Amino acid sequence: MAHAASADSGPRSAPLTAHARRVVMASTLGFTLMFAVWVMLAIVGLPIRKELGLSDAQFTLLTAIPVLTGSLLRLPAGLLADRYGGKSVFLGVTLLTAAFSLALAFVSSYGALLTLALGVGVAGVSFAVGNAWIAQWVPTARQGLALGTFGAGNAGASITKLLAPLLITLVPAGLLIPGGWHFVPFLFGVLLLASAVGIQRLTPADQPAPSGRTLADWLRPLGSAQVWRFGLYYVVFFGAYVALSLYLPKFYVDTYGVPLAQAGLLTALFIFPASLLRPLGGYLSDRFGPRGVTVASFAVMVLGLIPLLREQSLETLLVLSTVVGTGMGVGKASTYTLIAQWYPRDMGVVGGLVGLLGGLGGFILPLAFATLKPALGPQGAFVILLAVSALALVVFVASMLRLRALGLRPTFA
């Protein structure tokens, strides 16, 4: 699948077509909802933990399982979107996620919850599919802002953090519809079905074009070390974002003794800049180039994490988490602008692998937080994030210097 627009850089000032605008809007709204579903167990899991008497390890596994599924399936989903069209695959992902979310509303045992959490994780592949869908309609020169706008759908995590605690108490158990925490996946499932109807009716049909490319041709970019470096950067900008989105509610409840609703609000204060600044990151990358924007994003994160190596007051933690979130939000966009510039014909495959690696970071990091907490102390999560961020910054700068030493003088790293 390759729409003509994906191959044309076009003048930077040329407006998007009506079809392209619809694709960006529909994919962004759909991704926002699916991201809310993808991380809902970080909030819903807290009353489940109390109800089932889960240990910290069981709770962490339950919240991280959807991230694992959504990460591992990003590469094949991106490949399917490249080959068969973004709209068709995005619709399929939406409907499949709706089915698992609705089923989750009607179970209570830990084993069933884990099984269905794997299915709910399908929501996470919407990112790779949406990137490929946008790349099929938006000219390369305009993709920084378009992909950044789409990526701001990460703010869907705020929907869960802000609304899920209210929904849990708003609808009591014993009604005709599932109540308590069960109402949250039920409502999300219904909204996903409505989203699928809107996408089908309001967005243009896929326009498949014969490419003659074999599976080996599609996968060839994955042999480049550069692609894997992009994955490392995305572990920092996205994987760490997902990890903190899952980790902070419990951290606020356990460390500062705040109620669940307030913990969700405080976590949302981190999520807002980490998500809503992504379009700004795309704009800055289009305007000034993604290399410098990426370096600045790493630097902002490192500066925000260093003070968190020591325990801080709640107010100071909120400020510093906002600083870290700002670096994440801008860096996520600059990373995918790099991908779009280097691999415009392989956005689904390359973007899928990078998203897979970033998502795996979001799965592994929370487990590392819990495992290493006895050795590193209560601030262990921030110690780990600082180490990974500093490593990625060193790798990125070293890559830039190597390219310059070779005389390539690239406009992007």
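So here's what we get for this one:
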{"quantity": "Some residue of segment 352-370 being part of a helix (DSSP H, G or I), buried (at least 23 other Cβ atoms within 10 Å of the Cβ), of a type in the set (A, V, I, L, M, F, W, C) and touching an Asp or Glu at 6+ places or on another chain (Cβ under 7 Å)", "calculated": "no"}
{"quantity": "Candidate set: segment 302-315, residues that are under 26 Å from the mean Cα position of the chain (by Cα) and not aliphatic (A, V, I, L, M); chosen: the one farthest from ALA392 (Cα to Cα)", "calculated": "PRO307"}
{"quantity": "Residue within segment 77-96 that is touching a helix residue (DSSP H, G or I) at 6+ places or on another chain (Cβ under 6 Å), at pLDDT 85 or above, more than 24 Å from THR28 (Cβ to Cβ) and not aromatic (Phe, Trp, Tyr) present", "calculated": "no"}
{"quantity": "Selected residue [in contact with a Pro (Cβ under 6 Å, 6 or more places away or on another chain) and not aromatic (Phe, Trp, Tyr)] from ALA240, ALA261", "calculated": "ALA261"}
{"quantity": "Hits in segment 189-205 (condition: over 11 Å from THR94 (Cα atoms) and crowded, with 19+ Cβ neighbours inside 10 Å)", "calculated": "THR203"}
{"quantity": "Residue match in segment 353-365 (condition: of a type outside the set (A, V, I, L, M), under 30 Å from LEU219 (Cα atoms) and touching a Leu at 6+ places or on another chain (Cβ under 6 Å))", "calculated": "yes"}
{"quantity": "Residue that is farthest from ALA296 (Cα to Cα), among those in segment 371-390 that are part of a helix (DSSP H, G or I) and touching a residue at least 24 places away in the same chain (Cβ under 8 Å)", "calculated": "ALA381"}
{"quantity": "Among the candidates SER275, SER285, SER321, residue that is under 20 Å from ILE384 (Cα atoms) and under 20 Å from the mean Cα position of the chain (by Cα)", "calculated": "SER321"}
{"quantity": "Meets criteria (over 21 Å from LEU118 (Cβ atoms) and either polar (S, T, N, Q) or at pLDDT below 80 (or both)) for MET328", "calculated": "no"}
{"quantity": "Residue in segment 7-23 that is modelled with the lowest pLDDT, counting only those that are over 23 Å from the mean Cα position of the chain (by Cα) and of a type in the set (Gly, Ala, Ser)", "calculated": "ALA7"}
{"quantity": "Qualifying positions in segment 99-108 - part of a helix (DSSP H, G or I) and either of a type in the set (Phe, Trp, Tyr) or surrounded by fewer than 24 Cβ atoms within 10 Å (Cβ to Cβ) (or both)", "calculated": "ALA99, PHE100, LEU102, ALA103"}
{"quantity": "Cross-chain or 6+ apart pairs with Cβ under 8 Å, segment 226-237 first and in contact (Cβ under 8 Å) with a residue 40 or more places away in the chain and farther than 16 Å from LEU72 by Cβ, then surrounded by fewer than 20 Cβ atoms within 10 Å (Cβ to Cβ) and among the small types (Gly, Ala, Ser)", "calculated": "GLN226/SER399; ARG229/SER399"}
{"quantity": "Scan of segment 187-217 for residues that are touching a helix residue (DSSP H, G or I) at 6+ places or on another chain (Cβ under 6 Å) and at pLDDT below 90, ordered by number", "calculated": "ASP206"}
{"quantity": "From VAL171, VAL227, VAL242, VAL184, residue being farther than 28 Å from LEU365 by Cα and either out of contact with any Cys (no Cβ under 7 Å at 6 or more places or on another chain) or modelled with pLDDT under 85 (or both)", "calculated": "VAL171"}
{"quantity": "Any hit, segment 335-350, residues being of a type in the set (Val, Ile, Thr) and not in a helix (DSSP H, G or I)", "calculated": "no"}
{"quantity": "Cβ-Cβ under 7 Å pairs, at least 6 apart or on other chains, segment 135-149 side touching a residue at least 24 places away in the same chain (Cβ under 8 Å), far side surrounded by 24 or more Cβ atoms within 10 Å (Cβ to Cβ) and among the aromatic types (Phe, Trp, Tyr)", "calculated": "LEU147/TYR336"}
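The values are calculated or read from the model by the stated rules, or taken from the named source; none is laboratory data. Since the model is a prediction, treat every value here as computed from it, not as a measurement. Quick reminder, even Gly has a Cβ in these numbers, built from the backbone with ideal geometry, and neighbours come from all protein chains shown.
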